[in-house]
Amino acid sequence: MRPLAPQVLCHTRRLAFAVTALTALAGGSGAAAAGAQQQGFPHERHQGLFPLCAGCHEGIPGSDSASFYPTAATCARCHDGEQQVRVSWSAPERRAHNLRFDHRVHAGRLERGGDPPVECTGCHTPEGGARMSVSEDIQLGTCFGCHEHQAQEHLVDAYCRTCHTPLARSGMSLSFIEALPMPADHEAQNFVLEGHGSSASADWRRCATCHTADRCAACHVDAARPEIESLEYAPAGMELAMMTAYYPKPATHDEAWFDEHGTQASREACATCHTQDDCTVCHSGSLPVRAAALPRADQVLAPGAGIEARAPASHASLFFLDVHTALAAAEPGTCATCHQESFCVACHDGPSNGGYHPPDFVARHPAAAFGREAECANCHSTEAFCRECHQESGLTGFGRLGPGYHSAGAFWLIRHGQAARQGLESCISCHKQTDCMQCHGVAGAFKVSPHGADFDARSAWERSPRTCVACHLRNPLNGSQP
Amino acid sequence: MTRSRCRWSLDRRGILMPILAIAGVTISPRQAAGQAVRGWVGTTVQAVGLRPLVLDTIPASQVVRDESGALTYEGQPVSCPTASQCTLYGVAARETTVAATQDVSLTAWGWGVQGLSLTTLLRGRARAGGDVAWPRSDDAFDMILGYAQLERGSIRVRAGRQEIRSGLGFPAFDGAWASWSSRRYEVSAYLGRSLARGLREPANEALRPLESFIPDETVHLVGAAARARLSAGSATARYQREIYADRSGLVSERGSLDFVSNVRRARLTGSVDYDFAFGRVGKGRLTVMMPLQDGRWMVEATARRYVPYFQLSTIWGFFEPVSYSEAELRGSWSARPDLALWASGGWRTYGETNATTVFRPLKDEGWRVGAGARWELGDGWSMDGSYRLEWGPGAFLSSVDLGMRYHASDRLGLSAHGTTFQQVEEFRLGDGRAVGGGLSADLVLTDRITVAGGASVLRHRDGGTRSTSPWSQSRAWSSLRIGVGEDPGLSQRRMRR
């Protein structure tokens with residue numbers, strides 16, 4: 001896994017936000033503007049003039065936003081320069097919020113004389129205050145005085161949509177969003193890995209209170225899952241906090257899992273964090289079907305966890321090159337996970353700089369060729385590679401009467417049998433079959449049998465009669481013509 | 001050397017098909033979702049300059065007999081097949097040759113058919129100059145791989161030119177391969193026209209120009225394998241046979257068992273094959289690898305049996321080569337995170353050859369030892385040094401190698417190496433020491449383009465004889481590798497290197 005990026009959380013613990021939001025709502029405006037207007041308009045000084053709140057705020061009971069506030073003309077009825085000094089007045093702009101509060105519902109209860117009756121002052125005036133001592137701060141307790149809060153902790157186990165609209169519909173500004181309080185359960189150490197998914201599955205609407213689907217899609221490669229699609233994306237123009245993808249490594253992803261991950265791979269299991277591109281970091285051949293089911297990075301918003309290819313632990317051994325053949329033969333599919341066939345061919349049939357042999361190996365290969373720790377013929381055709389090169393270097397077999405190459409020991413010709421049986425592959429890197437048949441065939445000079453004491457002539461004849469005939473010219477068992 | 005050209009027409013079709021298919025995918029104006037091509041193109045150019053051996057003839061009158069009774073000329077033993085003339089090897093004038101290899105490796109998938117892919121590896125060769133024929137450089141084109149694969153769930157099917165990497169080597173064939181796999185088991189079977197071992201070309205066509213006796217007959221290959229992957233480890237059993245197309249005889253019939261098992265902290269790997277055609281056990285290997293002290297020590301013990309394998313289509317197998325058995329112990333020690341030391345030793349003995357011996361028999365045992373170290377010096381420097389000694393029938397080698405690498409940056413690596421060795425080839429003349437060294441560099445130009453190159457020289461100082469310095473040579477090489485197609489992981493893999 002690549003290093004974990006620090007999580008950028010848009011939550012804070014500033015619970016004051018709720019107070020502020022309610023304040024704004026109570027004043028029919030955003031919090032800050034509302035506060036300023038409260039200070040600008042001295043409600044208490046006018047309390048004797050206005051018997052009803054709706055006299056000025058006539059639009060609030062009917063949720064007619066155009067008449068939430070009085071107009072400047074309304075003020076000028078008194079503040080006309082004669083009765084009272086002129087004043088300037090403009091209604092504050094309504095700020096966005098995410099509360100589901102509807103004045104009409106409460107106003108209806110007021111008109112119907114509900115029990116208990118809901119007066120404006122019930123929410124907007126501090127307890128014990130004068131009738132128009134409109135408070136800047138509306139406490140949550142004001143709501144909960146009538147609405148019993150079912151949740152033990154407001155931010156954790158409340159049924160959010162009772163009071164809140166989804167963030168995507170709120171139109172809240174970035175500063176509001178960044179000031180949203182973070183529920184306590186979000187602070188759990190494994191919340192991202194283990195908590196948030198089940199929580200979202202249980203009630204995605206809770207997530208939608210503070211998050212748009214953009215937050216999910218910032219990390220989730222597969223954002224098409226139902227829990228995420230249920231959330232709404234932010235509308236155009238809505239500014240959101242910067243979201244950096246965060247991909248903690250699950251505890252399940254240990255070495256044993258690494259060996260088995262292919263069998264468990266699926267879009268459902270992997271595409272939360274991984275794009276197809278993560279697979280192709282290691283899977284260098286044609287993409288496995290399970291990996292192909294994952295979306296590509298250019299198809300999704302999330303960057304994906306991003307992984308680095310790494311070699312299995314076995315590759316760290318200084319002797320791995322020597323034992324890799326057995327591993328490759330026992331588990332060929334394991335190699336093919338990361339290595340294309342051309343990777344093998346680069347050494348096994350490569351243009352010689354594949355890296356298997358040390359530099360200048362060709363000049364000192366005789367010991368390795370005689371010792372045969374590895375089977376040269378796995379990569380090199382004895383005839384087409386060894387013999388061709390030897391011939392070009394001047395090492396050519398000339399039949400039974402050697403020209404001097406094997407002259408290091410006396411009587412080489414009559415004592416070569418042991419060497420041939422011990423290193424026959426080395427012999428044929430220079431000699432053709434006909435070189436040997438000059439003596440060993442029935443038509444040869446000496447008719448020396450090359451077969452050992454346990455040679456099963458009948459079995460050989462049954463399996464490959466044409467090879468027997470090459471030296472014997474006829475059936476060696478009964479002398480008949482083939 | 002003359003090589004058959006008739007296979008060109010055959011291979012041309014094989015080459016063109018995957019090229020056209022992949023080109024169609026690549027340039028198609030309407031690509032299907034998930035469609036992609038991935039691969040690489042690599043060019044390697046190599047040059048070598050050396051003095052080949054040549055057979056020389058001298059009058060017998062110039063030959064003298066040395067203290068051991070051998071006939072020599074200026075200290076070099078000679079062979080005198082006639083009373084008047086003797087022959088010996090000398091060295092010719094220096095020759096230089098340049099060979100180029102062009103590889104194109106592509107895998108393509110898509111077309112809206114889930115699990116369908118095409119894989120091809122094409123190789124072009126050319127000899128750019130010089131008188132020394134570089135091995136196989138007269139083969140202008142090879143399609144080393146070229147197959148279509150369909151993967152559907154647990155089923156995979158391939159058709160085309162392919163190869164099997166197995167305990168029986170690398171059999172290549174033109175044909176079909178199919179497998180079914182579950183989480184723990186896999187069975188596969190394949191059949192097709194067999195290709196020559198180590199050549200990936202039709203055997204009879206490829207080898208007939210090189211060998212006096214190669215049957216002119218197509219060979220069919222058929223095989224099957226079963227693999228089990230259990231908690232105790234993995235094992236693969238394989239059976240394979242080659243027969244002449246006209247069923248006139250068997251070419252080979254072999255089986256193999258390969259396994260790997262983790263027993264606590266130890267890893268056990270083993271392989272053995274059996275030659276049904278000749279009725280004898282083939283190669284075998286059993287290795288136990290054990291990490292100790294949290295992996296700081298790695299101990300590896302190997303028992304090995306080696307016997308060459310030959311097809312029934314040649315006479316070599318009927319000469320009944322004997323096996324050797326070897327025991328080898330190797331260990332490495334990570335003394336510090338930046339320093340690793342290793343040492344190894346092995347001893348082998350050959351089976352009874354039942355061959356005639358005159359005067360004294362040849363050696364029938366051999367041994368090899370080695371030791372080395374890897375040291376990360378820091379600041380991008382690292383060193384690698386080793387000493388190896390091998391002494392067995394046919395050859396003796398004592399060599400020292402030292403390499404140094406400097407990572408100038410994430411993209412540029414510089415290397416230097418030096419070597420000196422003494423070599424004796426027992427079955428022929430030749431005893432000498434060589435000293436050499438070289439420089440190389442590799443540069444990651446972009447995430448997808450890497451260039452590398454190097455040069456080395458080797459100077460042979462013979463053991464006091466007049467004759468030869470066949471190991472003296474100069475070499476140079478350069479390579480260019482370009483990743484093509486969609487491979488998001490390519491850059492990361494390259495950078496890690």
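FYI, it's all coordinate maths here, none of it is from the lab. Treat the numbers as computed from the prediction; the structure is a model and nothing was measured. Every residue, glycine as well, gets a Cβ built from its backbone with ideal geometry; the counts of neighbours run over all protein chains shown.
Quick notes
- Dipole moment magnitude, nearest 20 debye, the range B:287-439 about Cα centre, only Lys, Arg, Asp, Glu C-beta charged: 60 debye
- Here is the list for the range B:165-194: trypsin sites (Lys or Arg not before Pro) lying in DSSP coil, each with at most 15 other C-beta atoms within 10 angstrom of its C-beta, are B:Arg183, B:Arg184.
- Projected label distance in nm at B:Trp297 and A:Thr263, using a 7 Å step from Cα toward the beta-carbon: 3.4 nm
- Residues B:Ile315, B:Ile155, sorted so that the one with the fewest Cβ neighbours within 10 Å comes first: B:Ile155, B:Ile315
- Trypsin sites (Lys or Arg not before Pro) restricted to DSSP loop in the range B:232-269 with at most 16 other C-beta within 10 Å: B:Arg247, B:Arg264, B:Arg265
- Partner chain coverage, peptide A:333-342 - average Cβ within 10 angstrom: 5
- Of all lysines in the structure, the ones whose alpha carbon falls short of 27 Å from that of A:Lys432, not counting any fewer than 8 places away in one chain, are A:Lys447, B:Lys283, B:Lys363.
- Mean Cα-pair separation over length for chain B, i.e. relative contact order, pairs under 8 Å, 6 or more apart, %: 11 percent
- Amide hydrogen neighbours beyond the local backbone of B:Glu95, cut-off 5 Å, H modeled: B:Leu50, B:Arg51
- Using the Karplus relation 6.51 cos²θ - 1.76 cosθ + 1.60 with θ = phi - 60°, the per-residue 3J(HN,Hα) values for the range A:49-63 come to 8, 10, x, 10, 4, 5, x, 8, 9, 5, x, 5, x, x, 6 Hz, with x marking Gly and Pro.
- What the phi angles of the range A:96-105 give under the Karplus curve with 6.51, -1.76 and 1.60, with θ = phi - 60°, is a coupling list of 5, 8, 10, 8, 8, 4, 10, 4, 4, 4 Hz, glycine and proline written as x.
- Inter-label distance, A:Ala66 to B:Ala226: 8.6 nm, where each label sits 7 Å from its Cα along the C-beta direction.
- 3J(HN,Hα) from dihedral phi, the range A:379-386, Karplus parametrisation 6.51/-1.76/1.60, rounded to Hz, x for glycine, proline: 10, 10, 6, 4, 6, 7, 10, 5
- Each of A:Ala374 and B:Ser409 was given a label point 7 Å from its Cα along the Cα-to-Cβ line. The distance between the two points is 3.4 nm.
- The range B:326-394: chymotrypsin sites (Phe, Trp or Tyr not before Pro) in DSSP loop, at most 14 other beta carbons within 10 Å: B:Phe359
- Here the residues A:Lys249, A:Lys432, B:Lys283, ranked from fewest to most Cβ neighbours within 10 Å of their Cβ, fall in the order A:Lys249, A:Lys432, B:Lys283.
- Peptide B:134-140 has a mean shielding of 4, counted as Cβ atoms of other protein chains within 10 Å of each residue's Cβ.
- Sorting B:Met298, A:Met242, B:Met383 by the number of Cβ atoms found within 10 Å of their own Cβ, with the fewest placed first, yields A:Met242, B:Met383, B:Met298.
- For A:Arg310 and A:Ala91, the FRET efficiency from 1/(1 + (r/R0)^6), where r spans their Cβ atoms and R0 equals 56 Å, is about 0.30.
- Per-residue mean of foreign Cβ neighbours for B:103-109 is 4 (Cβ atoms of other chains, 10 Å radius).
- Between the range B:200-260 and the range B:45-120, the alpha-carbon center distance in angstrom: 30 Å
- Calculated FRET value between A:Gln299 and A:Thr162, using beta carbons and R₀ = 45 Å, to 0.05: 0.75
- Anisotropy class of chain B from Cα gyration tensor, a/c 1.5 cut: rounded
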